[in-house]
1. Using only Cα atoms, tell me the angle between helix 15-26 and the longest principal axis of the chain; keep it within 0 to 90° and round to the nearest 10.
2. How much space per residue, in cubic angstrom, does the convex hull of the C-alpha atoms of region 130-257 take up?
3. How much length is gained if the chain between residue 303 and residue 192 is pulled fully straight, taking 0.36 nm per residue apart and subtracting their Cα-Cα distance, in nm to one decimal?
4. What angle, in degrees between 0 and 90 and rounded to the nearest 10, separates the Cα long axis of helix 137-151 from the longest principal axis of the Cα atoms of the chain?
5. Within 10 Å of each residue's Cβ, count the other Cβ atoms and sort 173, 298, 420, 432 from fewest upward.
6. May I ask what percent, to the nearest 5, of DSSP beta bridges between residues of the chain are antiparallel?
7. Hey, fewest Cβ within 10 Å first, where do 151, 281 land in order?
8. For helix 345-359, report the angle its Cα long axis makes with the longest principal axis of the Cα atoms of the chain; keep it between 0 and 90° and round to the nearest 10°.
Ligand SMILES: Cc1cc2nc3c(=O)[nH]c(=O)nc-3n(C[C@H](O)[C@H](O)[C@H](O)COP(=O)(O)OP(=O)(O)OC[C@H]3O[C@@H](n4cnc5c(N)ncnc54)[C@H](O)[C@@H]3O)c2cc1C
């Protein structure tokens, strides 16, 4: 059957897989996308509910900086971006304190790591790095919370060198945006660009084995119910499943790719606990509410945007600003997330409310009274992600390049983990999908196959 023999099979319909398929479609190739879940988007998972004025993002939420890949889609798809106010409060001794120069201080730390790693041509963990600095205890806490929260990393394992950013990183903007109608608009736009005559997308199709030889691949799949499907044949494959899924080897690749697997094993899966709480009203939005909680009562209160509370079990909080919606999101990354994710759902919610009650100095019973619903997704327990996003362990920067390397003009690799400029982000995933598609297009002559 023609539909089972295409130029390329793309495994995974997240941002990377869809970006790759769109590129193949534009180049006139035929492709089949197999996606394990019953939806596209992968770690972009937007919930639209009539109960909420704004979409709820269980996965990616922010456009970090001004990445050209994402901004080009925002323009092409006529999406609206909300720029977030750059207001970061810290919770200290039960009070809130604005931290206006957070990014400047962070840049100084990055420069220091850069000097130290270059001088010694070495790499070390972030914890080791901290052990050799004279930063005040309070600032250390901020830094650890940032590495755990932003990079979802364990400071004892993460490569300090990887935190300074790669040379390929063009964009150093600290701006952050939200897509007003939800991040899923990006993947829907990518999908809308697939020529239906050339590209087929199959949901509920779990790839279990990828057999290959130069110029030929066979992908064995099962349906969501576990029923084996007829194998799919193609001339090449683009593998976009998350790094942590590759690491678990639930997709077996034959013949084995030992060098690739060794690279995968050296990279770490970052873990994240994210919970969106929907309240009856935004009780935190009044100036008086903020003012009563300021460390410096004489300072001008600013609307609550981000709050960093290193000592709380759920240490990062944000509101929906600039949208005025009664949603608060709690976030923990790295070891704190791992420990929360070991608990059952009720305990996680309980711990979340305890943390929020401390951070906002609101009695627990008031929160219970105001809370309407919560939403979360356990990305670490999900067999199709097995973590939130990748981080690089000590001495493993080169492993990321090995992960991205194509094999014999037949197997190509994409996904956030393969993008050294913007790993861990949607922009990185899109860029990686396009890169892998270009690599494939360069070696694969235009299709002689009939259209699907
Ligand atoms: C909680 C959380 C918050 C985040 N916040 C942000 C943020 O604010 N900003 C940002 O830029 N990024 C954020 N990210 C990261 C961002 O979501 C990812 O980097 C990006 O979406 C990854 O895209 P991808 O295509 O590489 O992988 P995925 O989106 O994971 O796509 C891979 C696809 O492969 C499928 N798959 C897996 N196994 C198989 C199989 N065996 N057969 C077939 N299909 C399979 C999966 O179902 C999935 O659809 C966040 C991630 C998480 C988890």
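Here, each number is a calculation from the coordinates, and none is a lab measurement. Every value quoted in this text rests on a predicted model; they were computed, and no experiment measured them. Positions of Cβ are backbone-derived with ideal geometry, glycine not excepted, and every protein chain shown enters the neighbour counts.
1. Helix 15-26 and the main axis of the chain meet at about 40 degrees.
2. 229 Å³
3. This chain segment gains 36.2 nm when fully extended.
4. That helix lies at roughly 30 degrees to the long axis.
5. Sorted ascending by nearby Cβ count, the order is 298, 173, 420, 432.
6. Roughly 65 percent of the beta bridges in the chain run antiparallel, per DSSP.
7. Neighbour counts put them in this order, fewest first: 281, 151.
8. It is inclined by approximately 40 degrees.
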